[in-house]
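Peer 1: Mind looking over this structure? Questions follow.
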């Protein structure tokens with residue numbers, strides 16, 4: 001049987017419509033709230049970091065991190081059931097790598113993260129010039145405290161920084177000294193309030209940066225600290241000389257991505 005031009009055109013239109021319908025159905029299924037909820041519950045129950053896949057946890061060069069970056073880019077701009085399932089598998093892979101020692105570097109360090117609490121909301125009100133002036137004063141105080149304790153500033157992170165130390169004592173002393181120094185910094189009635197998190201672990205050096213599981217954990221410890229607090233993981237606490245320090249009650253760190261057996265405590269100067 002012969003088809004004329006109009007018949008073939010209609011057939012092509014039908015095929016295009018069918019593909020478009022299938023794509024739309026797939027997208028609709030992939031973004032179903034019920035399926036996404038199932039994927040989130042699954043990731044919470046699986047071993048490893050349930051938030052694995054963010055920029056912090058996939059910044060390295062290990063195979064699992066490279067794959068995770070690719071999976072995270074699969075559905076930019078929207079939630080995706082397929083993406084979450086892919087990350088769930090990589091989450092378990094990363095956890096198994098950590099358990100066998102392949103997810104960490106070979107250099108033991110104290111890792112410090114700091115940032116300013118409520119700085120962003122204040123900066124929005126005063127404008128760029130005042131915000132940059134304050135950040136300059138804060139940076140001078142914090143980095144001087146790091147250098148004085150033989151630490152190294154790895155990178156500046158907006159209103160905070162990441163630094164490494166060869167001893168946990170140096171990291172704690174630097175954080176406390178920085179907080180004390182910031183008591184004398186004020187701009188237009190605003191006094192910066194710094195929080196700090198410290199963890200002891202093995203980091204993998206990549207150029208001038210450090211990456212790895214314990215770097216991620218240190219960042220989680222920092223995020224859990226409150227204004228004017230220095231929060232220290234139990235691994236770092238075990239390496240401190242407690243003379244002249246006051247240690248708060250140890251508690252389990254209930255932060256996304258933190259190991260279930262990780263405990264932290266606040267450290268402050270003894271009164």
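Nothing in this text is a laboratory measurement; each read-out follows from the coordinates by a stated rule. Since the model is a prediction, treat every value here as computed from it, not as a measurement. Every residue, glycine as well, gets a Cβ built from its backbone with ideal geometry; the counts of neighbours run over all protein chains shown.
Peer 1: Only counting other Cβ atoms within 10 Å, I'd like 190, 210 sorted with the fewest neighbours first.
Peer 2: Values: 190 17, 210 23.
With the fewest neighbours first, 190, 210 line up as 190, 210.
Peer 1: Test of understanding: ordering 199, 184, 256, 263 by Cβ neighbours within 10 Å, fewest first, what list do you get?
Peer 2: Values: 199 31, 184 9, 256 12, 263 16.
Exposure proxy ranking, most exposed first: 184, 256, 263, 199.
Peer 1: Treat the count of other C-beta atoms within 10 Å as a stand-in for reagent exposure and order 156, 195, 235 from fewest to most. Each step should come with its number before you reach the end.
Peer 2: Details: 156 14, 195 22, 235 19.
Neighbour counts put them in this order, fewest first: 156, 235, 195.
Peer 1: Same structure again: What percent does the relative contact order of region 107-269 come to when contacts are Cα pairs within less than 8 Å and at least six residues apart?
Peer 2: Numbers: 325 pairs, mean separation 40.5, N = 163.
Value for region 107-269: 25 percent.
Peer 1: Starting with the highest mean, order 160-167, 140-147, 114-121 by the number of other Cβ atoms within 10 Å, averaged over the residues of each peptide. Please list the in-between numbers first.
Peer 2: Details: 160-167: 21.5, 140-147: 18.9, 114-121: 16.9.
Result, highest mean first: 160-167, 140-147, 114-121.
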